[in-house]
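Dumping the structure here so I can ask a few things about it.
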Amino acid sequence: MTASARLLIVGPQGSGKGTQGVRIAESFGIPVVSTGDIFRANIKEGTELGQQVTAILDAGDLVPDELTSAIVRDRLSQDDAAAGFLLDGYPRNTHQVEHLDEFLAGRGESLDAVILLDVPREESISRLALRATEQGRTDDTPEAIAHRLDIYEHETAPILSVYGPRGIVDTIDGVGTLDEITERIFAALDARGLRVAV
Ligand code: AMP
């Protein structure tokens, strides 16, 4: 069953937001829209976009806002995102929040909830180091990891000051087993009346 929900999952790299995002989206029957996945798929396929962003991803820098927002608008305009979606990795700074707000307002929509996965920096670093050996991601070098965590703290965390006053942020303790964390997220969404229809 598909339940309408427009969600955003936020957290530092290594917080487990990718894994949790997939679980939540599957339960709600909504697509995950992950900008990182979109960029990586384009790099793998050698598309023009992929060639444009390879060096940026390897350095752990952010792809320009206009380009990223245009890609997200395209993706959210596809039929499967009409009833809801879960954004992972976008918006990543306050400019992108403005772009998303404008796009959603144009459709008479807004985000229902922002799930913030709270994980200490040391925990993120050790999880990322593990992922680097398991998945061999080229942007998982120690330097790139530290750089991306700095960007998260300086550019991405401030988006919570925009969403916080809207009363849509659910801060979830991101330390625990995968199942425990999933349960915490479902409980928070449930408290907002966001439930999986059965
Ligand atoms: P992620 O898989 O979300 O960690 O993203 C991997 C990389 O893709 C990031 O380090 C950035 O280089 C790029 N990226 C992903 N999402 C965005 C975004 N919203 N804005 C700019 N760059 C992004």
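The values are calculated or read from the model by the stated rules, or taken from the named source; none is laboratory data. Just so it is clear, the structure is predicted and the values come from calculations on it, not from any experiment. Glycine gets a Cβ as well: all are built from the backbone with ideal geometry, and neighbour counts include every protein chain shown. Please note that ligands, DNA and RNA were not included when accessible areas were found on the heavy atoms of the full protein model with its side chains. Shrake-Rupley method; radii C 1.70, N 1.55, O 1.52, S 1.80 Å.
Give the distance, in whole Å, between the Cα centre of the range 85-134 and the Cα centre of the range 1-69.
9
Which of the trypsin sites (Lys or Arg not before Pro) found in the range 97-129 are loop residues per DSSP with 14 or fewer other Cβ atoms within 10 Å of their Cβ?
Arg107
Okay, moving on. Do you know the relative contact order of the chain, to the nearest whole percent, from alpha carbon pairs under 8 angstrom that are 6+ apart?
With pairs under 8 Å counted, the relative contact order is 34 percent.
Once the dipole of the range 123-187 is set up with Lys and Arg at +1 and Asp and Glu at -1 on Cβ about the Cα centre, which of Ile172, Ala157, Leu130 lies farthest towards its positive end?
Looking along the dipole axis, the top candidate is Ala157.
Label the range 3-47 by shape, choosing from rounded, prolate and oblate, from the square roots a ≥ b ≥ c of the eigenvalues of the Cα gyration tensor; if a/c is under 1.5 it is rounded, and otherwise prolate applies when a/b is larger than b/c, oblate when it is not.
Oblate, since a/c reaches 1.5 and b/c is not below a/b.
How much of the DSSP beta bridge set in the chain is antiparallel, as a percent to the nearest 5?
Roughly 0 percent of the DSSP beta bridges within the chain come out antiparallel.
Counting only residues 5 or more places away or on other chains, whose amide H sits under 5 Å from the amide H of Val169 once H atoms are built in the peptide plane?
Val114
Continuing with the same structure: What per residue convex hull volume, in Å³, comes out for the range 113-198 when only alpha-carbon positions are used?
Roughly 123 Å³ of hull volume per residue.
Scan around Gly89 for amide H atoms under 5 Å from its own, H built in the peptide plane at 1.01 Å from N, and keep only partners 5 or more places away or cross-chain.
It is Ile9, by chain and number.
Additional query: Please work out the FRET efficiency for the pair Leu178 and Glu98, using the Cβ-Cβ distance as r and a Förster radius of 45 Å; give the result to the nearest 0.05.
Result of the calculation: an efficiency of 0.85.
Something else about it: Quantify, in whole percent, the carbon and sulfur part of the accessible surface of the chain (1.4 Å probe; protein heavy atoms only).
Roughly 53 percent, rounded to a whole number.
Right, something else. How big is the equivalent ellipsoid of the range 1-77 along its three axes, where each semi-axis is √(5λ) from the Cα gyration tensor, reported in whole Å from largest to smallest?
Square roots of five times the eigenvalues give 24, 15, 11 Å.
Something else now. With +1 on each Lys and Arg Cβ and -1 on each Asp and Glu Cβ, how big is the dipole of the range 109-165 about its Cα centre, in debye rounded to the nearest 20?
The dipole magnitude comes to about 140 debye.
For labels at Arg131 and Arg107 in the simple 7 Å Cα→Cβ model, what's the distance in nm?
Result: 2.6 nm between the two label points.
Oh, and also: Does the range 102-158 come out rounded, prolate or oblate by the C-alpha gyration tensor, with a ≥ b ≥ c the root eigenvalues, rounded set by a/c under 1.5 and, if not, prolate when a/b is larger than b/c and oblate if not?
Prolate, since a/c reaches 1.5 and a/b exceeds b/c.
Now, a different point. Considering just Cα atoms, how many Å³ per residue does the convex hull of the chain enclose?
120
Between His154 and Glu45, what is the label-point separation in nm under the 7 Å Cα-to-beta-carbon projection?
3.3
Per residue, how many Å² of accessible area does the chain show with a 1.4 Å probe?
48
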